[in-house]
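Data block below; observations after.
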Amino acid sequence: MTAQPPNGTQQGNSTQTPPNGGIYVPPPVFAQLEALRESGVVNMYTEVHAGLEHFGFEEAREWLESNPELYVEGFTKGFAPTNPDAVEEIDSDALRESVPDEPPSPTRADASTPNEQYLLDNLQGLRRFSERAEEYYSHGTWRETAPLTDEELELADLFDVAADCEPQMCYRNALLTAATFGESYDVTYVEGYVKTSSFASSIEHAWVELRGKVVELTFPEGPQPETDAAYLGVEFPVEDVKAKIFREGIAEPLVD
């Protein structure tokens, strides 16, 4: 999951669909996505968010955040610039040469399930260029996904309604919930990565924990996380959460 404004608004979708079935995108977006693809630095399906953020490709990052479903379609069918003459080529070789071939040491060996191992392997590759992935990898801990009690499920429903939780808005959902209920109901804000059998890859994500157990407010399967889900994350005190969502007025990762 990626940064979202706290009110849940998204940019308008002005993207067109070309006759060949691919996706038209603005020239800067096309140039940045193409350079990242040609560099070979990241997996364009599972690591594109981290790659765009690392290289400062803001136009492509913002477009992707506003159009995740169109990106998936363009990933399979191809992208085309709305104005080919306005595309400014970016040196993909320079991007590739700026990223180390090997991730930093040491490596973790504490995975106990296939999903946990997949998640660690994914983060291991991201550590080459993502400081946030390095923070989650080095300091994140495996989170408890035990079944929620009936009382906890009722509280999760309360959180969902109070925060007006929405799909694909994990930071907003989790930050608002923790800021509102953290001191009253022992709710903790956590961010990191998650891998479930429903996802082809692990994804960057944020969630809350109630009495030490994961409460999933973003995925449709929630609030009870999937039984085989692997959650690796870093928790933050409620004071930091309130500062981010209320004083700064933005819903994005607390790890820079």
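The values are calculated or read from the model by the stated rules, or taken from the named source; none is laboratory data. Note that the structure is a prediction, hence the values are computed from the model and not measured. Here Cβ is always computed from backbone atoms with ideal geometry, including for glycine, and neighbour counts include all displayed protein chains.
At a glance:
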{"read-out": "So G74, is it surrounded by 18 or more Cβ atoms within 10 Å (Cβ to Cβ), within 15 Å of the chain's Cα centre (by Cα) and not assigned by TED's automatic domain parsing to the domain that holds E134", "value": "no"}
{"read-out": "Tabulated pairs, segment 213-237, first within 23 Å of D256 (Cβ to Cβ), second charged (D, E, K, R) and assigned to a strand (DSSP E or B), C-beta under 8 angstrom, 6+ apart or interchain", "value": "G233/E191; V234/E191; E235/E209; F236/E191"}
{"read-out": "Contacts under 7 angstrom Cβ, first residue in segment 176-199 being under 16 Å from G212 (Cβ atoms), partner among the basic types (K, R) and surrounded by fewer than 24 Cβ atoms within 10 Å (Cβ to Cβ), 6 or more apart", "value": "D186/R211; V190/R143"}
{"read-out": "Within segment 124-144, considering residues that are in contact with a Lys or Arg (Cβ under 7 Å, 6 or more places away or on another chain) and not small (G, A, S), the one farthest from Y189 (Cα to Cα)", "value": "E134"}
{"read-out": "Scope segment 237-251; condition in contact with a strand residue (DSSP E or B) (Cβ under 7 Å, 6 or more places away or on another chain) and modelled with pLDDT under 95; matching residues", "value": "I245, A251"}
{"read-out": "P167 vs. criteria surrounded by fewer than 13 Cβ atoms within 10 Å (Cβ to Cβ) and within 15 Å of the chain's Cα centre (by Cα)", "value": "yes"}
{"read-out": "Scan of segment 114-136 for residues that are of a type outside the set (A, V, I, L, M, F, W, C), under 20 Å from F55 (Cβ atoms), out of contact with any Ser or Thr (no Cβ under 7 Å at 6 or more places or on another chain) and crowded, with 17+ Cβ neighbours inside 10 Å, ordered by number", "value": "G125, R127, R128, S130, R132, E134, E135, Y136"}
{"read-out": "Members of segment 217-242 that are in contact with a Gly (Cβ under 6 Å, 6 or more places away or on another chain) and either over 11 Å from R143 (Cβ atoms) or basic (K, R) (or both)", "value": "V238"}
{"read-out": "Whichever residue in segment 138-159 is closer than 17 Å to G182 by Cβ and of a type in the set (D, E, K, R) and, among such residues, is surrounded by the fewest Cβ atoms within 10 Å (Cβ to Cβ)", "value": "E152"}
{"read-out": "Among residues of segment 234-251, those that are assigned to a loop (DSSP other than H, G, I, E, B) and either within 16 Å of T188 (Cα to Cα) or of a type in the set (G, A, S) (or both), counted", "value": "2"}
{"read-out": "Index of the failed condition, N43 passing every other in (1) under 18 Å from the mean Cα position of the chain (by Cα); (2) at pLDDT 90 or above", "value": "(2)"}
{"read-out": "Residues satisfying the stated conditions in segment 78-92, i.e. surrounded by 11 or more Cβ atoms within 10 Å (Cβ to Cβ) and either farther than 13 Å from L36 by Cβ or not hydroxyl-bearing (S, T, Y) (or both)", "value": "G78, F79, A80, P81, T82, A86, V87, I90, D91"}
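Yes/no per residue for (1) of a type in the set (F, W, Y); (2) more than 17 Å from K213 (Cβ to Cβ); (3) touching a residue at least 24 places away in the same chain (Cβ under 8 Å):
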position	(1), (2), (3)
P106	no, yes, no
E152	no, no, yes
L158	no, no, no
Y171	yes, yes, yes
